[in-house]
Amino acid sequence: MHDENAEDGVDEKISLLIDSIDNVNQLDREHFFQGTFHAAFKLIPEAQKGSLYELRDGRYVPVYAQGYDMSLLSRLSFAPEEAFIDFECRDTERIVAYESRIERRDDSAFSAETIATFKELGTYADFVSLHAPIQIAGRNIGIICLENFEGRGFSVMSKKILSYYARLISSYYSAWKRIDERNRLVSERMESLRRIAAGLAHELNTPLGAL
């Protein structure tokens with residue numbers, strides 16, 4: 001029997017995937033994260049909430065979320081040794097997604113304030129998380145997490161999809177870092193040229209008698 005609804009669903013997912021990677025290098029960070037998160041949530045049916053953490057000034061902080069109150073989520077901040085407690089994320093050249101079933105957080109591993117925030121967010125106990133590291137040159141610089149609060153595990157396809165988007169985000173970060181480094185080098189060279197030009201101008205404007 002021909003199922004038009006199923007075909008429409010597949011077409012929608014294909015369209016969403018294409019849209020999420022189309023002109024990706026021309027998007028600013030905010031629109032890029034919005035697009036990738038929207039696509040991940042639409043393509044991963046088990047996902048109910050999720051967040052993206054980024055390493056800034058030595059701590060992992062949330063930079064984007066879906067389904068969570070961002071003002072509440074922003075209370076969380078983790079040192080590198082805390083960020084992957086309960087989560088498996090290895091430094092590796094091949095980025096893959098991992099699934100964790102959190103029965104209850106270890107109170108001794110976090111501050112009382114962090115535990116209280118977990119409870120308000122609903123991420124203290126009894127949920128399943130699908131997560132993948134964000135990396136540059138094999139080094140963890142972030143993590144993307146999707147949660148299910150109904151005890152459902154994530155399918156093999158969902159894990160492949162999140163792995164794909166984690167690699168896409170990692171590639172975006174890598175490109176962004178290269179652009180920053182290139183801009184810094186250009187800025188340094190321009191400053192050097194300005195100093196040389198200023199020195200030359202000074203010599204040309206100095207009367208011969210003053211030499």
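Within the set K13, K42, the sole residue that is at pLDDT 80 or above, of a type in the set (D, E, K, R) and farther than 19 Å from I136 by Cβ turns out to be K42. Taking each residue of segment 40-54 that is farther than 18 Å from S155 by Cβ and looking for partners that are in a helix (DSSP H, G or I) and modelled with pLDDT of 90 or more with beta-carbon atoms closer than 8 Å, six or more apart or interchain, yields S51/L73. In segment 107-152, the qualifying residues are those that are in contact with a helix residue (DSSP H, G or I) (Cβ under 6 Å, 6 or more places away or on another chain) and buried (at least 21 other Cβ atoms within 10 Å of the Cβ), and the one that is modelled with the highest pLDDT is L130. Looking at (1) touching a strand residue (DSSP E or B) at 6+ places or on another chain (Cβ under 6 Å); (2) within 18 Å of I161 (Cβ to Cβ), find the lone condition where Y60 falls short. In the conditions (1) touching a strand residue (DSSP E or B) at 6+ places or on another chain (Cβ under 6 Å); (2) within 18 Å of I161 (Cβ to Cβ), Y60 misses (2) alone. Return yes when Y173 is modelled with pLDDT of 80 or more, farther than 23 Å from I102 by Cβ and surrounded by fewer than 20 Cβ atoms within 10 Å (Cβ to Cβ) and no when it is not. For Y173, the condition - modelled with pLDDT of 80 or more, farther than 23 Å from I102 by Cβ and surrounded by fewer than 20 Cβ atoms within 10 Å (Cβ to Cβ) - is met. Assessment of segment 96-106 against the conditions (touching a strand residue (DSSP E or B) at 6+ places or on another chain (Cβ under 6 Å), among the aliphatic types (A, V, I, L, M), part of a loop (DSSP other than H, G, I, E, B) and surrounded by 13 or more Cβ atoms within 10 Å (Cβ to Cβ)) yields at least one matching residue.
The values are calculated or read from the model by the stated rules, or taken from the named source; none is laboratory data. Remember, predicted model here, so these are calculated numbers, not experimental data. Cβ atoms come from the backbone with ideal geometry, glycine included; neighbour counts cover every protein chain shown.
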